[in-house]
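Structure record follows, encoded as structure tokens.
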Amino acid sequence: MSFLMNRKQDPDPATFWREYEERSGEKVLAYSLGRYISGWDAYEEPLWGLVIATEGGFRFHHFPHEGWLQALSRLGAGGEAPKEKTIFISRDRILSVELRTETSWLKKLLLPRPPVLIVRYRKPAEGEHGPEAELTVETEYKTESLLRYLQPDDPAGG
């Protein structure tokens, strides 16, 4: 889903989310800006992107960004442009979702850290049950909404 590259530059968030829903084929229930930390075999490095709860499950969408200096450097070396990176975990593979926040007021004051969303899921496999895995993302805001909509025991999110 090469979404960012194909869309016109429209600053309207409602337009962005409407187009995102059209391309994904799923209704967006909640979202946050976040940083993927670990838990997906294809990606080893932390990535910034959108953390999204949809009717179909959990999505993380990293939109690449390249400054003009990086582009010139890449073109001179004959490298490839950065590509979008996505993660999708279908609702039926989500085992549990947990939100970890700092509880110590002193640590919150001196070492503020964003909430961490832990999604335990079953990896796709040839058989019915794949191995369990744990995906970790830091979130910036609206984390409680994500948590509520991603809970496996309540697919309607309410």
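Within region 11-40, residues that are under 23 Å from residue 137 (Cα atoms) reach partners that are exposed (fewer than 14 other Cβ atoms within 10 Å of the Cβ) and among the acidic types (Asp, Glu) with beta carbons closer than 6 Å, at six or more positions or on different chains, in the pairs 32/140; 33/140; 39/134. Flag not set for residue 18, criterion: at pLDDT 90 or above, in contact with a helix residue (DSSP H, G or I) (Cβ under 7 Å, 6 or more places away or on another chain) and of a type in the set (D, E, K, R).
Within region 48-59, residues that are open to solvent by less than 20 Å² (accessible area, probe 1.4 Å) have Cβ atoms under 7 Å from residues that are of a type in the set (A, V, I, L, M) and not in a strand (DSSP E or B) in these pairs: 51/146; 53/146; 53/150; 58/150, counting only partners at least 6 apart in sequence or on another chain. Among the residues of region 101-117, is there at least one that is of a type in the set (D, E, K, R) and at pLDDT 90 or above? No, because not a single residue in region 101-117 is of a type in the set (D, E, K, R) and at pLDDT 90 or above. Could you tell me whether residue 64 is open to solvent by less than 60 Å² (accessible area, probe 1.4 Å), modelled with pLDDT under 85 and either over 13 Å from the mean Cα position of the chain (by Cα) or small (Gly, Ala, Ser) (or both)? For residue 64, the condition - open to solvent by less than 60 Å² (accessible area, probe 1.4 Å), modelled with pLDDT under 85 and either over 13 Å from the mean Cα position of the chain (by Cα) or small (Gly, Ala, Ser) (or both) - is met.
Checking 83, 8, 27 one by one, the residue that is modelled with pLDDT of 95 or more and open to solvent by 60 Å² or more (accessible area, probe 1.4 Å) is 27 and no other. Within the span defined as region 119-134, one or more residues are at pLDDT 80 or above and closer than 24 Å to residue 17 by Cα.
Restricting 99, 117, 106 to residues that are closer than 17 Å to residue 145 by Cβ and surrounded by fewer than 17 Cβ atoms within 10 Å (Cβ to Cβ) narrows the list to 99.
The values are calculated or read from the model by the stated rules, or taken from the named source; none is laboratory data. Here the structure is a predicted model, which is why all the values come from computation and not from measurement. Neighbour counts run over all protein chains shown; Cβ positions are idealised from the backbone, glycine included. The accessibility values were calculated without ligands, DNA or RNA, using every heavy atom of the protein model including side chains. Shrake-Rupley method; radii C 1.70, N 1.55, O 1.52, S 1.80 Å.
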